[in-house]
C-alpha cells in the first residue's frame, strides 16, 4: 500500500513525470544529467529533491515510456542512460496537450473570479 | 514493444531484487559524485560540496524505499510479513484455527474428490485419435429410446455406403469366448469388431497389426488381436506371439497383433471387464436380410468439414428412406429413426446428469463451510476489536488492516486446501475401491496435477469468499478507537454484528436442510427400490454362467444334451432343491424382443406387430429361481425338439394380448423366422423384474431350450446361466457344481459363482452409490451447521454472562434462563429449516429422474428432516444453555 497521498503530491508526481520526459526528447541522459537539465530549463525555479527522480524513472520505465542502458560517460564512468521509447514520444505529445488544456482551464477559472 | 519491456523490467526487479538494488546504489553514487564535483567547481571545499549534494538529493534511504515500492518489491515484502503475522495470530488461537482448517478441509476435500471424477469422465478427451471428430449412431424406435448396440448388420452397410458425411464407420459387439489350446481354458470378454472400427478409433497396435479387411469377411483367414493385459498375463509379453495359433471357442485362430496398453472400445470404457480378445465380426453383405436384429455398437469418423448436426441430418434422412424401402421391417407405428451423437455423449451421457447433481451437492458443502468459517472470523474479529482499534489509532491505513485480515483468511484456506487434498485422495481411493459398475473411465480417476490445481484455485476462492466480508467489516471506519476503548473492549458487540452472525447461522441450517432433504428422498427411493418384489425368491439361489465352445457344441442338439445332462446330474446333488438354466438371469440381463403373429389376428399394414421380450429356459428353471406358476404348466422335459412348440408367458403379456384371461391354448408365431414356428401357450407365470428392480415389467415369453432356433441361436443355446436353489447356504453348492461340470467336460471354463442376492445388490449399486455420497455430504453439512449454531449461541452466552448473573441474583430459575438461551437457538433453527425446506422443495425437482416411487415434494421426508434438524440443533444449544444456568451471580458481577 502506498502512503496516503495528498492531491498536491499527485499533481507534482504527474508533473515531474512529464518534465522528465520533456528533458529526454533531445538526447539520452543519465539521472544526474536529467536533474541538471531540469534545473537549467526551469531556471532553478523547480525545487524538488533530486533523489525523487529515481523512483519516477523506475515508474516511467515500467510503463514502457523510457528505456535504460548502462554506458560509459565521457569521463569513463559507468552510468545508466535513459531514453524515450516510441511509445514515450507519443505519450509526451499527449501529456503535453492535456497539461496545456488543464492549465488553460485553471487559468480561465482563476481569471473569471 | 514498450509495454513488453516494461513487463520485463518489472519481472527482473521482482525476480532479482538484489541486482536491482545494486543498480540503484550505483546510480545514486554516481549522482552524488557528479553533484559534489559540480559544487567543488563552484569553489566549495570537498566536505561542504558533499554535504550540499546530499541535501539536494534528499534522503537516500527514502529514495531507495520509494524505488523498491515502484518496482513492486515492497508489495512482496509486505505480503510475506502479513503471512508471518497471520501465522503468529493463528498460533495464538489454535482452537479457532483447527476448527476453521478442518471445516475448509472437509469442504475442499469433498469438492476435489468429485472434481477428479468429473475431470476424468467429462473434461478429459476420450483416449482415441482426434476424439472430437468421433461420433456414434443410435437407432431408436417405439420402446427403445436409442443407445449403444442398436444397429443391425443390414443398417450398418446402409450407413457405410450411403452417408458421405461419415468418412469411415465401424461396428462391434461384445461377447465372450473361450480361449483354449495351451494351458487352462478360460472364458474371456471378447469383442467382435469390423475392420473399420479399430481404424476409426485410430488405434495403433503395440505388436503386429490389427484386423485386416480381408479377414473381416465370411470365411476369411483366421485372425485374433490380443488385449495388452491378456498378452502380458498369459503369454508373458512375448513379442514373437504374432503367427502363433490359439484355439478360440474350439476353432484355431492366428494371432496377428496385440493392442496397446489401456486400450478399450468405447462401450468398454463403462465396463469393469473390457474385451481381451478382438475377433473379426465377419458380417456378410449379401446374406443379411434380417434388419430387425439390433445388437451392434457403432463408431464413425466425421468427414472433413462436416459437423455432427450435418451427419445427424444425413443419417436421420437415410433412416426415413429405409422405412419406405422396407415397410415390413419398419412399420409406421414402430417409429424407427436414427441419430448421430458425439461419441463422448454416448459414453458419458448416462452419468452426466447424476454427476452434475453431485457437483451441485458438494458445492453446497463448500458453501456451508465458507459460511461457517466466515462466522468464526466474525466472532474472532469481535474479540480482536481492541487490537484493530489500537492499530488504527497508531496510524495503520484501513487498506493495510483489510489486507492483513484477508491474508489471514487465505492462510487458513490454503492450510485447509492442503488437508482437503489428503481428504480427496482418501475419498477417491474409497470410491475406486467400491468399484461401482456402469461408471465409465473409472480407472482414469485420480488426484493429479490438474485436480490439485483445481484444489488450489478452490482454496484461494474460498479464502476470498469467507475472508473479504468479515475483513471489511472489522476494519470499518466506524469501528473507532474511542467507541471501543470507552466500552472497555467488552460487551459492545452491537446488535447489527450479532444480526449478521445469526443470519449466517440461519443460512447454514438452511443449506444443511436442503442437502438432508435430498439425502432423505434418495434414501427413501432406495429403500422403495429394495422393497420391490422381484417376482421370484431371491434367497438361497446360486448362479454360474457357462459358455460352451462352438467346437464341439456347434450343433444345437449337442448343447441341449449337455445342459439336460448337467441339470439332471446337479439335481441329485445333496442340498439342491431345484436346478435349471436360463439365457439371462433376471435383474442383470439385457433384454431382446421379437415380433409375434398371433393366430387369427392379422396385423393391418402400418400397424406395429405384437412384440414380447424373450427368454430361453430349461425344465426346472421356474422352480429353481422361485417364480410363481399362475395357470397351466411350465416348460417340461417332454418339450423336446420334435414335440409341438410351447411357450410360457408372463402375466403382463397375458393381460396385454388376451385380456379375457383365455391365453392358455392360444397359438402365435415368432417373428424373424425363429423356430419352432407356431408355439402354443401352455402356462402363465407371475411377472419378474427382468431388466432391474426399478424398470417396468414388459411382456415376456419363456421358450424351451430344446426347441429354440433362431438366427444366431447357436450362441444363445451354448451360453446359459445355471441356476440352483439350495436348502441352505447357497454358496455351499459351488464346489459340488464345479466338480459336476468338470466331470462332464474338463476343458470347460467355469465363470464366477454368484448368489442371486449378490446380483440384486449389484443391480442397485448405482442408486446406492449416489445415495451414500449425498447422505455423506448432507451429514458433513449438518455437522458444520451444528458447529455454527453452537458457536453463535455459546458466544452469546459468554457475552451475556453478566446479564445471566443479574437475572440469577434477582431470583430467576435456571429453567427460565435455559429457556431464554434455547429459545434463541430454536428461533434461528426454525427460520433456517423453513428457508431450507422452501429451497429444498424447489431444488428437489431436479432429483425427479433419480427417484423411484417417491415424489420430490414428499411431505413425510420433509417433516422428518425438519424434526431431526430441530432436535439436533436444540441438542447443540443445550450445552451453552446449561452453562448459562450455572453462572454464579457473585463471580459474574465481580469480574465487572
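The values are calculated or read from the model by the stated rules, or taken from the named source; none is laboratory data. Given the structure is predicted, the values throughout are model-derived calculations rather than measurements. All Cβ positions, glycine included, derive from the backbone under ideal geometry; neighbour counts span all protein chains shown.
Of the residues making up the range A:62-113, just one is within 9 Å of chain B (Cβ to nearest Cβ), in a helix (DSSP H, G or I) and touching a strand residue (DSSP E or B) at 6+ places or on another chain (Cβ under 8 Å), namely A:88.
When each of B:102, B:54 is tested for being at the interface with another protein chain (Cβ under 10 Å from one of its Cβ atoms), assigned to a helix (DSSP H, G or I) and in contact with a helix residue (DSSP H, G or I) (Cβ under 9 Å, 6 or more places away or on another chain), the lone residue that passes is B:54.
Test residue B:385 against the criterion of being crowded, with 16+ Cβ neighbours inside 10 Å and either in contact (Cβ under 8 Å) with a residue 12 or more places away in the chain or within 14 Å of chain A (Cβ to nearest Cβ) (or both), and give yes or no. Spelling it out, residue B:385 is indeed crowded, with 16+ Cβ neighbours inside 10 Å and either in contact (Cβ under 8 Å) with a residue 12 or more places away in the chain or within 14 Å of chain A (Cβ to nearest Cβ) (or both). Regarding the range B:432-439, can at least one residue be identified that is modelled with pLDDT of 70 or more and crowded, with 21+ Cβ neighbours inside 10 Å? Looking through the range B:432-439, none of the residues is modelled with pLDDT of 70 or more and crowded, with 21+ Cβ neighbours inside 10 Å. State whether one or more residues within the range B:237-253 are closer than 28 Å to residue B:150 by Cα and in contact with a strand residue (DSSP E or B) (Cβ under 6 Å, 6 or more places away or on another chain). Scanning the range B:237-253 turns up at least one residue that is closer than 28 Å to residue B:150 by Cα and in contact with a strand residue (DSSP E or B) (Cβ under 6 Å, 6 or more places away or on another chain). Quick one: which of B:683, B:671 is modelled with pLDDT of 90 or more and over 25 Å from residue B:553 (Cα atoms)? Of the residues listed, the single one that is modelled with pLDDT of 90 or more and over 25 Å from residue B:553 (Cα atoms) is B:683.
Take the residues in the range B:209-228 that are in contact with a strand residue (DSSP E or B) (Cβ under 6 Å, 6 or more places away or on another chain) and surrounded by fewer than 17 Cβ atoms within 10 Å (Cβ to Cβ); name whichever of them is farthest from residue B:589 (Cα to Cα). This residue is B:209. In this structure, does residue B:404 turn out to be in a helix (DSSP H, G or I) and in contact with a helix residue (DSSP H, G or I) (Cβ under 9 Å, 6 or more places away or on another chain)? So residue B:404 fits the description; yes.
The single condition among (1) modelled with pLDDT under 90; (2) buried (at least 19 other Cβ atoms within 10 Å of the Cβ) that residue B:525 does not meet is (1). Hey, among the residues in the range B:28-49 that are in a helix (DSSP H, G or I) and farther than 16 Å from residue A:75 by Cβ, which one's nearest to the other protein chains (Cβ to nearest Cβ)? It comes out as B:28. Only one entry of B:18, B:3 meets the criterion of being more than 9 Å from chain A (Cβ to nearest Cβ), modelled with pLDDT under 85, within 60 Å of the chain's Cα centre (by Cα) and in a helix (DSSP H, G or I), and that entry is B:18. The criterion of at least 2 residues that are within 28 Å of residue B:537 (Cβ to Cβ) is met, among helices (runs of 4 or more DSSP H) falling completely within the range B:742-815, by B:756-763, B:765-799. Please find, within the range A:40-55, the residue that is surrounded by the most Cβ atoms within 10 Å (Cβ to Cβ) out of those that are more than 8 Å from chain B (Cβ to nearest Cβ) and in contact (Cβ under 8 Å) with a residue 24 or more places away in the chain. So the residue we want is A:53. Residue under question is residue B:171, and the condition is that it be assigned to a loop (DSSP other than H, G, I, E, B) and within 33 Å of the chain's Cα centre (by Cα); does it hold? In short, no. Flag set for residue B:550, criterion: more than 20 Å from residue B:866 (Cβ to Cβ) and touching a helix residue (DSSP H, G or I) at 6+ places or on another chain (Cβ under 9 Å). The criterion of at least 2 residues that are without any contact (Cβ under 8 Å) to a residue 60 or more places away in the chain and surrounded by fewer than 19 Cβ atoms within 10 Å (Cβ to Cβ) is met by the following strands (runs of 3 or more DSSP E) wholly inside the range B:555-651: B:629-632.
Going through (1) part of a helix (DSSP H, G or I); (2) within 27 Å of the chain's Cα centre (by Cα) one by one, residue B:200 falls short only on (2).
You will find that of A:37, A:59, A:22, the residue that is modelled with pLDDT of 85 or more and either within 10 Å of another protein chain (Cβ to nearest Cβ) or in contact with a strand residue (DSSP E or B) (Cβ under 9 Å, 6 or more places away or on another chain) (or both) is A:37 and no other. Inspect all residues belonging to the range B:391-401 and state whether any of them is within 26 Å of residue B:96 (Cβ to Cβ) and more than 14 Å from chain A (Cβ to nearest Cβ). So far as the range B:391-401 goes, yes, one or more of its residues are within 26 Å of residue B:96 (Cβ to Cβ) and more than 14 Å from chain A (Cβ to nearest Cβ).
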